[in-house]
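The values are calculated or read from the model by the stated rules, or taken from the named source; none is laboratory data. Source: prediction; values computed, not measured. Because the Cβ atoms are built from the backbone with ideal geometry, glycine has one as well, and the counts that use them run over all protein chains shown. Each accessible area value is taken on the protein alone, full model and side chains, heavy atoms only, with ligands, DNA and RNA left out. Shrake-Rupley method; radii C 1.70, N 1.55, O 1.52, S 1.80 Å.
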Amino acid sequence: MSPTPTARSMAHLRADGWTVGVVEQRIPNTNITRDLFGFIDLIAIRGPETLAVQVTSGSNMAARERKITEHANLAAVRAAGWRVLVHGWRRNAAGIWLLREIDLT
């Protein structure tokens, strides 16, 4: 079984020296997840830097970008000095997973 997009993003960030935590919550007995502040799946820290990461498939990146840029909490997250990223994962023709990253800071 292939790792989830969240697991791939966590591995990618950890390989780059980040300490990573999952902040997305699954609501029991439902198929619903709740993101921190409405749009954050992962928090990553490295020195004085903090990343807020939304993880998705490559095909859903535009929808996630729109969700974040229209969200009322984005200004507060930016004001805290956090970088806001969207990680989109897709497989290429050779079956290799590729990351596309959009910085919404």
Whichever residue in the stretch 1-23 is of a type in the set (A, V, I, L, M) and part of a loop (DSSP other than H, G, I, E, B) and, among such residues, is least open to solvent (accessible area, probe 1.4 Å):
Val23
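Residue by residue, here is whether (1) under 18 Å from Thr105 (Cα atoms); (2) among the aliphatic types (A, V, I, L, M) holds:
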| position | (1), (2) |
| --- | --- |
| Arg26 | no, no |
| Ile32 | no, yes |
| Ile40 | yes, yes |
| Ser57 | no, no |
| Ala63 | yes, yes |
| Ala79 | yes, yes |
| Arg90 | no, no |
Which condition does Ile45 not pass, out of (1) modelled with pLDDT of 95 or more; (2) over 22 Å from Thr19 (Cα atoms); (3) of a type in the set (Val, Ile, Thr), if it passes all the others?
(2)
The stretch 24-35, residues that are open to solvent by 40 Å² or more (accessible area, probe 1.4 Å) and closer than 26 Å to Ala72 by Cβ:
Glu24, Gln25, Arg26, Ile27, Thr30, Asn31, Ile32, Thr33, Arg34
